[in-house]
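Chemist: Provided herewith is a single structure, encoded as structure tokens, for subsequent inquiry.
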Amino acid sequence: MKNHPDRRHKWYVLGFYLLLFAVWQLVFSLELAPDYLFPSPLQVARRLTELALDGMLWPSIKTTLSRMAIGFTIAAGIGLLIGLLMGVSRIVNGCLKSLFLGFQSLPTAAWMPISLLLFGLSDHGIYFVIIMSSVAAIAISTSDGIHRIPPLYLRAARTLGTPAYAMPVRVILPAALPGIVTGIKLGWTLGWHGAVSAELIKSSVGLGYLLYMGRELNDAAQVLGIMMLTILFGLLLDRFLFGLIEQRIRRRWGLAGES
């Protein structure tokens, strides 16, 4: 029986990461740098276990995810609303698109100074950084998705009697869903960057705070471990949440390629 291409692909990915860890261990074994600057995979795993047993790891993960859930929900609502307005109005699109493109060029950490001035050392400031990091990408992708809707869809909806007030909900947003989901994925990624960056300065709990403490204590194992956890959560959310949603939408609209 032949292996399915997707299954072979997963084995290749697993092999790649195993090779990556083997190279990491090899470089550590060659002692090219002191172990307090370049720890081994085992030392990183041991440090993460210590953080978990000390009761610091799980509350930090929970806090960061909770902040992201709140901040990104607000950002998605704002971004979708603004993107819809940009998609149906050329004037609004012309005024806001260049502004949002400028926002996208800002590093997420650039929102930190104004956040500190407005909100001080509070969770509201972290929400602000998440929102400002995410809204532009969601709004632009939503408007672009609307602009790519074939005009035939809109004419057909009007011919079938869809009233003007119902067009956004019944026709425009469903037809623009592939672009919207892409924007939400990008917005989540940027918001995730913003949340961890904000926690480096504005928090006493969270993944960003553990990164900060690792730096302050010169604990490279903790820094690398938290970095790996941050990457892992980003990959898991992309694969098992946004990735699955995107696949279903692409199949629904006949955009999925044949395996």
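Chemist: Within the stretch 205-223, identify whether any single residue is in contact with a helix residue (DSSP H, G or I) (Cβ under 7 Å, 6 or more places away or on another chain), at pLDDT 85 or above and over 27 Å from Gly55 (Cα atoms), and answer yes or no.
Modeler: Checking the stretch 205-223: not a single residue is in contact with a helix residue (DSSP H, G or I) (Cβ under 7 Å, 6 or more places away or on another chain), at pLDDT 85 or above and over 27 Å from Gly55 (Cα atoms).
Chemist: A further question follows. What is the one condition in (1) surrounded by 23 or more Cβ atoms within 10 Å (Cβ to Cβ); (2) closer than 23 Å to Ser115 by Cβ that Ile180 does not satisfy?
Modeler: So the condition that Ile180 fails would be (2).
Chemist: Still on this structure: Looking only at helices (runs of 4 or more DSSP H) that lie completely in the stretch 1-109, which have at least 3 residues being closer than 30 Å to Ser122 by Cβ?
Modeler: In the stretch 1-109, 41-53, 57-88, 90-105 are the helices (runs of 4 or more DSSP H) which contain 3 or more residues that are closer than 30 Å to Ser122 by Cβ.
Chemist: Further, regarding this structure: Check whether at least one residue in the stretch 136-147 is part of a helix (DSSP H, G or I), over 21 Å from Ile91 (Cβ atoms) and not basic (Lys, Arg), and report yes or no.
Modeler: Yes, the stretch 136-147 contains a residue that is part of a helix (DSSP H, G or I), over 21 Å from Ile91 (Cβ atoms) and not basic (Lys, Arg).
Chemist: Right, another one. Restricting to the stretch 192-232, and then to whatever is polar (S, T, N, Q) and surrounded by 18 or more Cβ atoms within 10 Å (Cβ to Cβ), can you tell me which residue is farthest from Val135 (Cα to Cα)?
Modeler: Gln222
The values are calculated or read from the model by the stated rules, or taken from the named source; none is laboratory data. Remember, predicted model here, so these are calculated numbers, not experimental data. Positions of Cβ are generated from backbone atoms using ideal geometry, with glycine treated the same way; all protein chains shown enter the neighbour counts.
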